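To start, the structure under review is shown below, and the notes come after it.
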Amino acid sequence: MLKRCIILIFLVLMPLALADSFDVSVPDTILAIDNTVSIPLTITNMQAFDDKYTISVLDFNWLVESIDNTEILQGQTKVINVNLKSSYPEVKNYGIKIKIKSLSNQEVEKIARVDVKDLSDVFKITLLGPEIIDPRKDTKFNLQIESPYDNNFGELNIIIKSDAFTETKTIELDSRAIIKEEFNINLPIDTQEGDHTANIMFYKDNNLVANQTIILTIGSYSGVREILTNDNSILIKKEIVKKINDGNSIGFEKYVKTLTLTEKLFTTTTPKPDDITKSNGNYILTWNIKLNPGEEQDIEIETNYRIPLIILILAIGLIILLYFMLRRDVIIIKKALVSGRHKGVSKLKMIITLYNKGNKKITNMKLMERIPNVTEDPNDFSEKPFKITKGNTLNLVWKIDELNPKEERTISYRYGSRSLVKKLPETMAQYVQGSRTVVSKSSRIKLR
């Protein structure tokens, strides 16, 4: 009987002894963050008593920083985090061997797959739309974020940043989750068209988990406007044309101005037109304008009649001034008559005519005559000279008390000369005209 009881107990305890005293499971893939990784070991204590486990990591690349409390009550399951750190991990997949040993001396070895990823290649991110973004409108776009890891990230702070905007948001990301998130952005209206790279940065407890990029396509729109300003004053017409590109793409504009011939003569432009053509007697000025987004350009067209008019007035004034300065009221007409020749001496009669063409009486006039090569002294005067002097020439001076407006007076005399000159000197009259002393002269007379 005793023998049978011993055999029965043996048969009952033998399977229990041969069965596993605990079970361990590890995730398929864990992402290392900032050179650290926390591997959750799920251990089930299947024994009829409490147990404590010894955990060791068999990988020289990774050092154990800490391990959670390994005591597990009988029949319970507990997740124990094994926290590892590597100083300079390579970007690759690691298979880390972990040994778990119970107090009952049963051992289990597991391989934990740990991924060290480049920050630009952590999550799978898909832009769901819109395909083209209009910067003039408030824009919403959707991202699909897929995590291929067994990490339960919990709260992640996301910062999306580009050269045109910055947007932040907090998301929840569980293990191997696929989530869709909506983001609102407000772009400057002058954001240039084309593809813009936006960085998406994921932070967990201020540690950078990923820094990935997406491409946002900004649509184009034209927005060149014109502001016309007139700044006119007396005899000056100034037109300022301002072209402003409020769009986000390059704008091409053409400005045309038509001028008459007179306007063109007195018009200056800044800058100079790209083309000038003539049509129906008018001139057509054309500017070809290229404006980058946010750029502006001024065209100044100034028609200035003031300076030409001032020059004309000054010229007329100068002409009038010269006229009055050079005008002579007294005209002197001189004639010489050769009446004959006797004993080698030529007989000449000189006739001097004075004419006051002005409207005012002339008084105290002096009439001066020079006679070269005199052989016989002058005689037969119609009016006797006031003074006669001799030198290289014989000089005669008459004093004329007055000469009325439009009055004509003739003075004549005779003289003889053995050698006649080809030209006789001019006769001069000195008098006061207005407030100036002026001299009128006759022309020189040729003798033949």
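The values are calculated or read from the model by the stated rules, or taken from the named source; none is laboratory data. A quick note: this is a predicted structure, and the numbers were derived from the prediction, not measured. Because the Cβ atoms are built from the backbone with ideal geometry, glycine has one as well, and the counts that use them run over all protein chains shown.
Tabulated data
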| read-out | value |
| --- | --- |
| Residues of segment 392-418 satisfying the condition of being surrounded by fewer than 15 Cβ atoms within 10 Å (Cβ to Cβ) and under 12 Å from TYR355 (Cα atoms) | GLU402, ASN404, PRO405, LYS406, GLU407, GLU408, THR410 |
| Residues that are assigned to a helix (DSSP H, G or I) and at pLDDT below 80, drawn from segment 313-332 | ILE320, LEU321, LEU322, TYR323, PHE324, MET325, LEU326 |
| Strands (runs of 3 or more DSSP E) within segment 380-425 that include 3 or more residues touching a residue at least 12 places away in the same chain (Cβ under 8 Å) and out of contact with any Gly (no Cβ under 7 Å at 6 or more places or on another chain) | 393-403, 408-417 |
| Residue tally, condition touching a Lys or Arg at 6+ places or on another chain (Cβ under 7 Å) and of a type in the set (A, V, I, L, M, F, W, C), over segment 101-127 | 3 |
| Residue list for segment 115-137, restricted to those being in contact (Cβ under 8 Å) with a residue 40 or more places away in the chain and not in a loop (DSSP other than H, G, I, E, B) | ASP115, ILE125, LEU127, LEU128, ILE133 |
| Scope segment 138-158; condition assigned to a loop (DSSP other than H, G, I, E, B) and of a type in the set (D, E, K, R); matching residues | ASP138, ASP150 |
| Segment 308-354, subset under 59 Å from the mean Cα position of the chain (by Cα) and β-branched (Val, Ile, Thr), residue nearest to ILE236 (Cα to Cα) | ILE310 |
| Residue match in segment 237-253 (condition: modelled with pLDDT of 90 or more, at positive phi and either not in a strand (DSSP E or B) or not hydroxyl-bearing (Ser, Thr, Tyr) (or both)) | no |
| Yes/no for SER162 being under 29 Å from PRO188 (Cβ atoms) and in contact with a His (Cβ under 8 Å, 6 or more places away or on another chain) | yes |
| Filter result for THR191 (of a type in the set (Ser, Thr, Tyr) and either in contact with a Pro (Cβ under 6 Å, 6 or more places away or on another chain) or at positive phi (or both)) | yes |
| Where a residue in segment 202-222 is basic (Lys, Arg) and its partner, wherever it lies, is at pLDDT below 90, with Cβ under 8 Å and at least six apart | none |
| Checking ALA164 against (1) within 26 Å of ILE33 (Cβ to Cβ); (2) of a type outside the set (Asp, Glu); (3) part of a loop (DSSP other than H, G, I, E, B), the condition it does not meet | (1) |
| Any hit, segment 199-208, residues being of a type in the set (Ser, Thr, Tyr) and within 16 Å of PHE123 (Cα to Cα) | yes |
| Selected residue [within 17 Å of ASN45 (Cβ to Cβ), among the charged types (D, E, K, R) and surrounded by 11 or more Cβ atoms within 10 Å (Cβ to Cβ)] from LYS117, LYS78 | LYS78 |
| Selected residue (only one of ASP275, ASP231, ASP205 is at pLDDT 90 or above, of a type in the set (Asp, Glu), farther than 30 Å from ALA32 by Cα and surrounded by fewer than 17 Cβ atoms within 10 Å (Cβ to Cβ)) | ASP275 |
| Residues located in segment 90-114, provided they are part of a loop (DSSP other than H, G, I, E, B) and either among the hydrophobic types (A, V, I, L, M, F, W, C) or crowded, with 17+ Cβ neighbours inside 10 Å (or both) | VAL91, LEU103 |
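One line per residue, one yes/no per condition, for (1) touching a Phe, Trp or Tyr at 6+ places or on another chain (Cβ under 7 Å); (2) in contact (Cβ under 8 Å) with a residue 40 or more places away in the chain:
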{"position": "THR286", "(1), (2)": "no, no"}
{"position": "LYS290", "(1), (2)": "yes, yes"}
{"position": "GLY294", "(1), (2)": "no, yes"}
{"position": "ILE299", "(1), (2)": "yes, yes"}
{"position": "GLU302", "(1), (2)": "no, yes"}
{"position": "ILE311", "(1), (2)": "no, no"}
{"position": "ILE316", "(1), (2)": "no, no"}
{"position": "LEU322", "(1), (2)": "no, no"}
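Conditions tested, residue by residue: (1) closer than 30 Å to LEU321 by Cβ; (2) without any contact (Cβ under 8 Å) to a residue 60 or more places away in the chain.
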| site | (1), (2) |
| --- | --- |
| ILE333 | yes, no |
| LEU337 | no, yes |
| ILE351 | no, no |
| THR363 | yes, no |
| MET368 | yes, no |
| THR427 | yes, no |
| SER435 | yes, yes |
